[in-house]
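Chemist: Take this structure first; my questions come after.
Values in this text are rule-based calculations from the coordinates and carry no lab data. All values derive from a computational prediction rather than experimental measurement. No Cβ is skipped: glycine too gets one built from the backbone with ideal geometry, and neighbour counts run over all protein chains shown.
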Amino acid sequence: MDTTNNKNVFELAITLGKALKEDERLVRMENARKAYEEDPTLKTLMTEYDVQQKAIQQVASAEEFDAQLLESIQNRINELYDQIMAAPVYVELLEAQEAVNELMNAVNNTITFAITGEMPSNCTHDCSTCGGCH
């Protein structure tokens, strides 16, 4: 087995990884992740959401459970979910993750094309979504 070729492949992978790390989409996602993790309001909402999820499990598993209490907890869970999903830092994180996923799919498609000469079946043929390879 030719380890020189393998070394070159891994060196290229490291170069690619470094280039990706500097890509604006990955920088955006890292900033969005930090903002998400550091947002005190969102932390409070997430903590309460987790507590409410545990509470509903306990109420629902009780031998004799209170249907009104169960409904009340479920309503609060729904409110918390809506607030979390609408939080600007959460929305930004989701959008940034989607952009990174598109980039990574495009990179994988390009590598696949270079190896096989064929585009993967998930190629949209809309180069604006990936940077293109054909």
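Chemist: So for the chain, if I pair up every lysine 8 or more residues apart or on another chain, how many of those pairs have alpha-carbons under 29 Å apart? Intermediate results must be reported in sequence, preceding the final value.
Modeler: Working: Lys7/Lys18; Lys7/Lys21; Lys18/Lys34; Lys21/Lys34; Lys21/Lys43; Lys34/Lys43; Lys34/Lys54; Lys43/Lys54.
Eligible lysine pairs with Cα atoms under 29 Å apart amount to 8.
Chemist: Note the listed values (i) 1.72; (ii) 1.60; (iii) 1.02, then indicate which one is Cα Rg over 2.2 N^0.38 Å calculated from this particular structure.
Modeler: After the calculation, the listed value that fits is (ii).
Chemist: Give, in nm to one decimal, the length gained when the segment between Thr15 and Lys43 is fully stretched (0.36 nm per residue of separation minus the Cα-Cα distance). Walk me through the numbers before you get to the answer.
Modeler: Details: separation 28, 0.36 × 28 = 10.08 nm, distance 3.60 nm.
Roughly 6.5 nm would be gained on extension.
Chemist: Continuing with this model, one more query. Any idea what the dipole of the chain comes to, in debye rounded to 20, about its Cα centre with Lys/Arg Cβ at +1 and Asp/Glu Cβ at -1? Intermediate results must be reported in sequence, preceding the final value.
Modeler: Working: 10 positive and 23 negative charges, 115 e Å.
With only Lys, Arg, Asp and Glu charged at Cβ, the dipole is about 560 debye.
Chemist: List, in order, the whole-Hz ³J(HN,Hα) value for each residue of the stretch 72-81 obtained from phi through the Karplus relation with A = 6.51, B = -1.76, C = 1.60 and θ = phi - 60°; use x for Gly and Pro.
Modeler: 3J(HN,Hα) across the stretch 72-81, in whole Hz: 4, 5, 4, 4, 5, 4, 4, 4, 4, 4.
Chemist: Here's another thing I want to ask about it. I'd like the orientation of helix 3-22 relative to the chain: the angle between its Cα long axis and the longest Cα principal axis, in ° from 0 to 90, rounded to 10.
Modeler: The angle comes out at about 50 degrees.
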